[in-house]
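Shown next, in structure tokens, is the structure this report addresses.
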Amino acid sequence: MNTAPARLAAALAVPLLALAACSSGASDSSDGSSSGSARAASDPGGGSSSLLSHASGDTAGETAGDTAGAKAADGATASKADGAAQPVEQPSIISTGSVSLSTEDVARTRTAVQHVADAYAGQVTDQETTVSDHQELGYARMVLRVPARSFSQAVADLEQVADLVDSTTKSVDVSTQVVDTDERVKAARASIDRIRTLLARAVNIGDVMAIESQLAGREADLNSLLRQQAHLADQTALSTITVSIDRAASRAHPREATDDTGFLAGLRSGWGALRGFATAAATVLGALLPWTPLIVLVGVPAWLALRRARRAQAVPAVSATSAEG
């Protein structure tokens, strides 16, 4: 009897506890909702502002990151481009040289100089030769253009071609001039681009004419700078070497260096004088020969007429003398 009511009380207690728990949860939920509603009422739009600020911050961060990444990419690209254009910064130097040689065979030495130029992928841009009295090359002058990186070695090889008389070299650093010219070219092109933009926007005839005048002047300046830039590029890329080749006359023709004394020297001198006289006589005869027909046609009749006149004067004189006698 006592156990049955206890079991009934326990069975009724379980639903009551569950109902109490549900009521407590609902009240907590309603309290939370009420507190949330109160916070929303006290701070209207707070959630939206927070989202916007977060969105703005994220967007700004992404934009800054993208910008930084773009700048880094551009910097890397520019660095690669600069590295591809000019891997190593080297000074711009204009080198010139002069080599004087003496040889018994000018023609052979000239050929050897040409071979040196070919060995260094150079070229002969100017050449001058003189023939001696013995119908041989007595002098040669050659102007060589060789790559600047091979200048020193080319000069050393040219000094070994024949007997060296003199050798000089000169180098001038024009790096500052090259950089200045390049920057001026860039500035001139940028200025021309701006002027062309203004010309495209111009409406009045006066403005168009004024802008075109400015554009023509800037383009002329740019062309002058481009010519200077090309000249500097040519001079720094190719070095100039002037080679002078003289014939060693005392060794090529020993007779010219012998002493002009003794029997043989006198014989050569007399024979030379005789040849000179014969040459002069032949020259005079050759000059008078074309006049011979004229002398015969005019001189002979004149001489005959003069002779007859003298005879005519002589006959009366003889007659007068015989009459007086």
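So the values come out like this:
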{"item": "Solvent exposure, largest accessible area first (probe 1.4 Å, DNA, RNA and ligands not counted), of ARG110, ARG311", "result": "ARG311, ARG110"}
{"item": "Candidate residues PHE151, PHE277: accessible-area rank, largest first, probe 1.4 Å", "result": "PHE277, PHE151"}
{"item": "Amide proton proximity set for GLU104, modelled H, under 5 Å, gap of 5+", "result": "ALA248"}
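The values are calculated or read from the model by the stated rules, or taken from the named source; none is laboratory data. Quick caveat, the model's predicted, so the values are computed rather than measured. Only protein heavy atoms, including side chains, enter the accessible area calculation; ligands, DNA and RNA are left aside. Shrake-Rupley method; radii C 1.70, N 1.55, O 1.52, S 1.80 Å.
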